[in-house]
2 protein chains.
Amino acid sequence: MTPPPTVAAIVVIFAIVDGELSVLLIHRTAPPEEGLWALPGARWDGSESLEEAAARTLEKETGARGLYLEQLFTVSGLDPAAPAVAVAYFALVDAEAVRLREEREWPPAWHRVASLPRLAFENNVVIEQALARVRAKLEYTNIAYGLLPERFTLRELHETYESILGRPLDRRNFRKRLLASEVVEATGERRREGAHRPALMYRFLKREPVFL
Amino acid sequence: MTPPPTVAAIVVIFAIVDGELSVLLIHRTAPPEEGLWALPGARWDGSESLEEAAARTLEKETGARGLYLEQLFTVSGLDPAAPAVAVAYFALVDAEAVRLREEREWPPAWHRVASLPRLAFENNVVIEQALARVRAKLEYTNIAYGLLPERFTLRELHETYESILGRPLDRRNFRKRLLASEVVEATGERRREGAHRPALMYRFLKREPVFL
DNA sequence: CCAAAAGTGTTAAAGCTACACCCATGG
DNA sequence: CCATGGGTGTAGCTTTAACACTTTTGG
């Protein structure tokens, strides 16, 4: 006779912070796994859909409505004591639009994906999988819109791609492919911001998932 | 105050039956959704992992140990009355190795994917997603090993691909790509089976998931 | 010898990768 | 006029798609 299972939604929230791909983690100030960092999440009680639970978690932590939210997978057996499943999601947000909760209990913070500490539960694995998915989808979808503001320069977009993929992309080829793929369009605007030629600003034609 | 949620694993079991991609469905002989066909599944009680629960369902229905089993996604809200989540998996099996349960309660049967009836719950959507995943993975992995016996001819493999993708593939290009990718190798054997030249038999180098 | 499936190469088009120089601006 | 990032084209290579004839066997 086992107790009824608990169901939780957890969210890997990605953003580009200081040019580096980062995830939002909360610091656990109570057992279990006290003192470790972990993914934010919420227990699910059936009063809403799982996706809504994930979206609510995202909004609570970032203040921002998620631009991109996708289910990853479901894991069981995190807690050996009681039956529990966690449904993992990942989200992409514009770091500039985020207002983190300021709290002493479970304070959240951005952590660079390239140098994560050991996390509570199996959360390191979840983040690795999320990263693999984002990298793959970057190649054949427009999901990068989730990480950028309404208007941006091609340089910003280029750097976003490089941060996520973790490798340099040829600048000319990147522009060519991206413009040819017709996911972004130039607005008339230019951004002047230094002692150099101003950059044209672009926007995504669709701010919703599109496959190429 | 909501009751505790129930968790179930459901499995989309694919096989090639009479040259057509098919799924195994059970006929519901009791409410809810009595009289409709549905995906087989099992309630999860926490005594095993979700994947084990899916594998057990697969074995119970087919007698065969699943060669390929992968998690798809998790859906909530199937039952408006009580909170429930279903974790969907898909499996690939060799139809020849299957021994269906013969039962009067919830009898199972193969149904061609190309012409499915309306199914219980949201199961039509689950199957569509599973199909999309299998099609995508066929292109860049060796998962077809799950659908074929130990030894097979290139024609059989070719037809398997065509059944799943639902479109013809050039025979010469197919052979070239497949042999170049080094996922299969010729055994010395030939199969004589008619008034024509015998076909060489092949086998998969690895009968476990490999990315190309 | 006939019917049936097995086996095998080439060519054209498209896409990808690598690579270097001029332009517009602010100071 | 100088430093800084913005913007652009081409050539070689690899990959993909289209396509038809010869071989081996059983009856």
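Relative to one another, the C-alpha centroids of the range B:173-212 and the range A:126-153 are positioned 38 Å apart. Computed over the range B:122-175, the percent of Cα pairs more than 16 Å apart is 46. Pair-distance distribution of the protein assembly as shown: all C-alpha pairs, bin width 20 Å, starting at 0; shares per bin in whole percent are 22, 49, 26, 2, 0.
Computed on the range B:13-82, the Cα convex hull volume stands at 134 Å³ per residue. In chain A, the DSSP beta bridges split such that about 75 percent are antiparallel, to the nearest 5.
Residues B:ARG191, A:ARG99 in ascending order of nearby Cβ atoms (within 10 Å, fewest first): A:ARG99, B:ARG191.
From its DSSP helices (H runs of at least four residues, each -39,500 (n - 2.57)), chain B gives a residue-normalised ellipticity at 222 nm of -8000 deg cm²/dmol. Here's the list of lysines a cross-link from A:LYS137 could span, going by alpha-carbon distance under 22 Å and ignoring same-chain residues fewer than 8 apart: A:LYS176, A:LYS206, B:LYS137. Computed over all pairs of different Cα atoms, the Kirkwood value for the hydrodynamic radius of the range B:116-207 is 14.8 Å. Stokes-Einstein diffusion of the range A:1-144 at 25 °C, 0.890 mPa s viscosity, Kirkwood radius from Cα pairs, rounded to a whole number: 158 µm²/s.
Each Lys and Arg adds +1 at its Cβ and each Asp and Glu adds -1 at its Cβ; summed about the Cα centre, the range B:8-146 shows a dipole of about 140 debye.
Two decimals is fine: what's Rg over Rh for the range B:166-212, C-alpha atoms, Kirkwood radius as Rh? That ratio is 1.03, to two decimals. Under the convention that each Lys and Arg Cβ holds +1 and each Asp and Glu Cβ holds -1, the size of the dipole of the range B:138-197 around its Cα centre is about 340 debye. Over all projection directions, the Cα-based convex hull of the range A:92-142 averages an area of 4.9 nm².
For chain B, the longest principal axis of the C-alpha atoms and the axis of helix B:171-181 are separated by about 80°.
Computing Rg and the Kirkwood Rh from the Cα coordinates of the range B:60-107 gives a ratio, Rg/Rh, of 1.10.
All of the numbers you see were taken from the coordinates with simple rules; none came from a lab. Note that the structure is a prediction, hence the values are computed from the model and not measured. In this analysis, Cβ positions are derived from the backbone assuming ideal geometry, glycine residues included, and neighbour counts consider all displayed protein chains.
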